[in-house]
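To keep things clear, I will list the structure first and then write my remarks on it.
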Amino acid sequence: MLLTGHAMLAGVIGWPVAHSRSPRLHGSWIARHGLDAAYLPLPVRPEHFASAVRGLAHSGFRGVNVTVPHKEAAFAICDTVSPRALRAGAVNTLVFNDGRIEGDCTDGFGFLASLPDFDPTSGPAVVLGAGGAARAIAAALLDAGCPHLTLVNRTLARAEELAHALGGPVFVSDTPPLEGAALLVNATSLGMAGQPPLVIDLAPLPSHAVVADIVYVPLETPLLAAARARGLVGSDGLGMLLHQARIGFEAWFGIAPAVDEELRRIVAADIPPR
Ligand code: ATR
């Protein structure tokens, strides 16, 4: 697709940004819909984040995704933030509106959308981790009616702080209470390529439990392999990545894009399977 002078512009800001799968993901949707649009990788050093964002907002960009290490700076720079971004304490999607900067956090939405057959009201959830990803996922589960949620984290104090910030039926434990759990989520970086594996005995999980991992490099983490070996439904982190992107794409380019097998194949093509 050759761009015209009317091309709609968006991108992803990170430092570094070369690892980001978002240009390939949004680029696939742009090509599929034949849009006069571009989605660019934007490498921006932390000290230049605010001036870069303001510059883009005044350069015709519709908005940007924000990735590591800018998510907190992005929250601070917004003129308005959505209720779910406020609840998540982070922003990953910026929409520019006449130079105004609107922030949203779409990770929790992406997580739930990646589990279409899971009913959050169906039983207790166990979330491993207490960082930004855990916070967005826990908030989305609670807002969707999760009746009981336990946070388990290496640094207990961080889990306690998060439980306090979230409010509701949130508990903290130093061991995952798997008996009776409907959902187990790994929202830590354990199991990611180059990180130690997540070591956990899944035996106590009921046979209807769903196991989700936010890690997507590799696609099949040791946790998901263990879940599948036990005959449990497992869900990898790529689904969350693909679904969280839908909201930004629609806000910038005016089309609600679909997540399907073809998209998954295109984005997964440069991710090692295990
Ligand atoms: P993100 O924003 O992606 O969630 P983060 O805020 O750095 O990233 O959170 C990373 C999570 O992985 C945290 O829950 C972290 O535990 P701590 O709060 O104790 O740091 C967890 N994590 C990372 N490396 C870990 C390790 N080697 N063992 C156990 N937990 C780990």
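The values are calculated or read from the model by the stated rules, or taken from the named source; none is laboratory data. Quick caveat, the model's predicted, so the values are computed rather than measured. Cβ: placed from backbone, ideal geometry, glycine included. Neighbour counts: every protein chain shown. To get the accessible areas, we keep the full protein, side chains included, count just its heavy atoms, and leave off ligands, DNA and RNA. Shrake-Rupley method; radii C 1.70, N 1.55, O 1.52, S 1.80 Å.
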- Could you look through region 261-271, keep only residues that are part of a loop (DSSP other than H, G, I, E, B) and open to solvent by 60 Å² or more (accessible area, probe 1.4 Å), and pick out the one that is nearest to Val217 (Cα to Cα)? Asp270
- Task: State which residue is farthest from Gly132 (Cα to Cα) when the search covers only region 85-112 and only residues that are open to solvent by 50 Å² or more (accessible area, probe 1.4 Å) and out of contact with any helix residue (DSSP H, G or I) (no Cβ under 6 Å at 6 or more places or on another chain).
- Result: Asp98
- Residues that are in contact with an Asp or Glu (Cβ under 9 Å, 6 or more places away or on another chain), acidic (Asp, Glu) and in a loop (DSSP other than H, G, I, E, B), drawn from region 189-246: Glu220, Asp236
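Based on what the data block shows, is Ala138 among the hydrophobic types (A, V, I, L, M, F, W, C), more than 9 Å from the ligand (Cβ to nearest atom) and either touching a helix residue (DSSP H, G or I) at 6+ places or on another chain (Cβ under 8 Å) or assigned by TED's automatic domain parsing to the domain that holds Ala85 (or both)?
On the way: among the hydrophobic types (A, V, I, L, M, F, W, C): yes; more than 9 Å from the ligand (Cβ to nearest atom): yes; either touching a helix residue (DSSP H, G or I) at 6+ places or on another chain (Cβ under 8 Å) or assigned by TED's automatic domain parsing to the domain that holds Ala85 (or both): yes.
Yes.
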- Query: When Pro176 is evaluated against the numbered criteria (1) within 16 Å of the ligand (Cβ to nearest atom); (2) buried (at least 22 other Cβ atoms within 10 Å of the Cβ), which criterion, by number, is the only one it fails?
  - Reply: (2)
- Message: Looking at (1) open to solvent by less than 30 Å² (accessible area, probe 1.4 Å); (2) within 16 Å of the ligand (Cβ to nearest atom), which one does Pro69 not meet, given that it meets all the others?
- Response: (1)
- Show the residue pairs that are 6+ apart or on different chains and have beta-carbon atoms under 6 Å apart, the first residue being within region 51-77 and within 11 Å of Val91 (Cβ to Cβ) and free of Cβ contacts under 8 Å to residues at least 12 places away in the same chain, the second being surrounded by fewer than 22 Cβ atoms within 10 Å (Cβ to Cβ) and among the hydrophobic types (A, V, I, L, M, F, W, C). none
